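Structure first, then comments.
The values are calculated or read from the model by the stated rules, or taken from the named source; none is laboratory data. Keep in mind the model is a prediction, meaning the values are calculated, not measured. Cβ atoms come from the backbone with ideal geometry, glycine included; neighbour counts cover every protein chain shown. Note: accessible area is taken over every heavy atom of the protein model, side chains too, but ligands, DNA and RNA are not part of it. Shrake-Rupley method; radii C 1.70, N 1.55, O 1.52, S 1.80 Å.
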Amino acid sequence: MFSQHNGDNMLAIVLSGGGAKGAYEMGVWKALRRLRIKYQIITGTSIGALNGMLMVQNDFYKCLKMWKNINYDMIYDNFGNVKTTQEMYLAYLNKIIDGGIDTEKIERLIEENYRPNKIYKSKIQFGVVAYSLKSRKVIYATKKNTRPDKLKKYILASATCFPVFKPTKIGTDTLIDGGYYDNLPINLAIDLGATEIIAVDLGSIGFRKRVRNKGIKITYIEPNNKLDSFLMFDSNVTKRMINLGYNDTMKVFKRLEGNLYTFKKGSINNLYYKNKSKILEICEKLDYVGNFKDFYNLKEPIKKFNQIVEDTLEIFKIPVDKVYNSRNINKYLFEELDKTDTVEFDKFELDEIKKMFNSAIITKYIYLKLKDCDKINIVFNFFPKEFASAIYLLAVR
């Protein structure tokens, strides 16, 4: 779709800011390589400026290693031994009160990875966004209009979010994160000649400018799942976000499927046709339609079935960043079902059930009752998602 390039077509990758969420952009890059999509322009704000720098340099494995091994010590000095989210936010608050975190370590990280020869020899156009506190104006620094030594400084300024980090000094000017003006620099990409754009929007706090040229084709890649905090630099968290970025990109380009969860192409379709008759048989026996109504009127049945499968995976807390197929979906589900506590609810009222037990326990209760051909307390009509998941589990086992 985007892999061919001629003089009239210029594809840009636009990378938003988002701190630690930038690991998601690493996953997008991984997918773009897999899809063999070629691009001629990269623009970025904040962490998007740093990721964009590495993309222009074609330092894929260096970027991947950085994100897979990142930790607080790589970013900050004397941050403390942070173990919980609450401790993390408290540590940041203390740093902000003290005037912000020194940017020395991030500057060193950029210095170690910045390769001006690669950037300026590359045919890929590159630009980043920073904001001047002195002039109260945006600065668009591109390799066309900026010397190599200054471009490195602008990448640093863009990548350090104020007031968490101290501002960056360039001469007599004081610069902060470009997200204070344009956190998704699509217009900068257009100014550099883009005719098509893939925009990666991490959904982080920051201003977004209205796209000036409505005739530009823009493909947005956005997280389907909630990402962890932009301040959480933890390798276990970033590995998950890399996977999510890869999965969402492959879904945008129709190589994988799913919404919150990700499936190999055709997996949901195979599961649907394999189990449709059994599910309808159970529903007719129970005189129950509920969440399966689209199985009868054939209005987007695959879409509805996908939602029931994803609800069931979510109920049993199956990891959301993996890629599943029609064979292993149920394997993981039944492993978790077997580990779930078994509780008899017959003596409980609805409000008590909601307060005391989680969806997995409720789903297992309904599943076991249906399996034993027992009657279900009418109270469980108020749990349509769990009821549908129990029917699904009964049908596929």
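A few remarks follow.
- Output for the range 78-114, where each listed residue is over 28 Å from the mean Cα position of the chain (by Cα) and either over 24 Å from residue 167 (Cβ atoms) or without any contact (Cβ under 8 Å) to a residue 60 or more places away in the chain (or both): 78, 94, 97, 98, 104
- Of the listed requirements (1) among the β-branched types (Val, Ile, Thr); (2) open to solvent by less than 20 Å² (accessible area, probe 1.4 Å); (3) modelled with pLDDT of 90 or more, residue 366 misses just one: (3).
- Against the test of being at pLDDT 70 or above, under 30 Å from residue 31 (Cα atoms) and surrounded by 11 or more Cβ atoms within 10 Å (Cβ to Cβ), the options 329, 361 yield a single qualifying residue, 329.
- The listed residue being touching a strand residue (DSSP E or B) at 6+ places or on another chain (Cβ under 8 Å), modelled with pLDDT of 90 or more and of a type outside the set (Asp, Glu), out of 168, 160: 168
- Of all residues in the range 36-64, exactly one satisfies the criterion of being of a type in the set (A, V, I, L, M, F, W, C) and surrounded by fewer than 16 Cβ atoms within 10 Å (Cβ to Cβ), namely 60.
- When residue 162 is tested against (1) more than 17 Å from residue 177 (Cα to Cα); (2) under 26 Å from the mean Cα position of the chain (by Cα); (3) open to solvent by 40 Å² or more (accessible area, probe 1.4 Å), just one condition goes unmet, and that condition is (1).
- Of the residues examined, residue 157 is not one that is assigned to a strand (DSSP E or B), crowded, with 16+ Cβ neighbours inside 10 Å and among the hydrophobic types (A, V, I, L, M, F, W, C).
- Matching residues, the range 85-120, being among the β-branched types (Val, Ile, Thr) and farther than 24 Å from residue 62 by Cα: 85, 96, 97, 101
- Here residue 103 passes the criteria (1) open to solvent by 10 Å² or more (accessible area, probe 1.4 Å); (2) within 22 Å of residue 183 (Cβ to Cβ); (3) at pLDDT 95 or above except the one numbered (3).
- Some residue of the range 130-139 being under 20 Å from residue 40 (Cα atoms), assigned to a strand (DSSP E or B) and in contact with a helix residue (DSSP H, G or I) (Cβ under 8 Å, 6 or more places away or on another chain): no
- Verdict on residue 27 being crowded, with 18+ Cβ neighbours inside 10 Å, assigned to a loop (DSSP other than H, G, I, E, B) and touching a residue at least 40 places away in the same chain (Cβ under 8 Å): no
- Pairing each residue of the range 304-316 that is more than 22 Å from residue 342 (Cβ to Cβ) and touching a residue at least 60 places away in the same chain (Cβ under 8 Å) with any residue that is open to solvent by less than 10 Å² (accessible area, probe 1.4 Å) and part of a helix (DSSP H, G or I), provided the two are 6+ apart or on different chains, yields C-beta distances under 8 Å for 308/292; 308/388; 308/389; 308/392; 309/268; 309/271; 309/329; 309/392.
- Among (1) open to solvent by 10 Å² or more (accessible area, probe 1.4 Å); (2) of a type outside the set (A, V, I, L, M); (3) at pLDDT below 95 - the single one residue 2 does not satisfy: (1)
- All positions within the range 280-306 that are within 27 Å of residue 226 (Cβ to Cβ) and either at pLDDT 95 or above or surrounded by 20 or more Cβ atoms within 10 Å (Cβ to Cβ) (or both): 291, 305, 306
- Residue 110 vs. criteria touching a strand residue (DSSP E or B) at 6+ places or on another chain (Cβ under 7 Å) and either modelled with pLDDT of 95 or more or open to solvent by less than 40 Å² (accessible area, probe 1.4 Å) (or both): no
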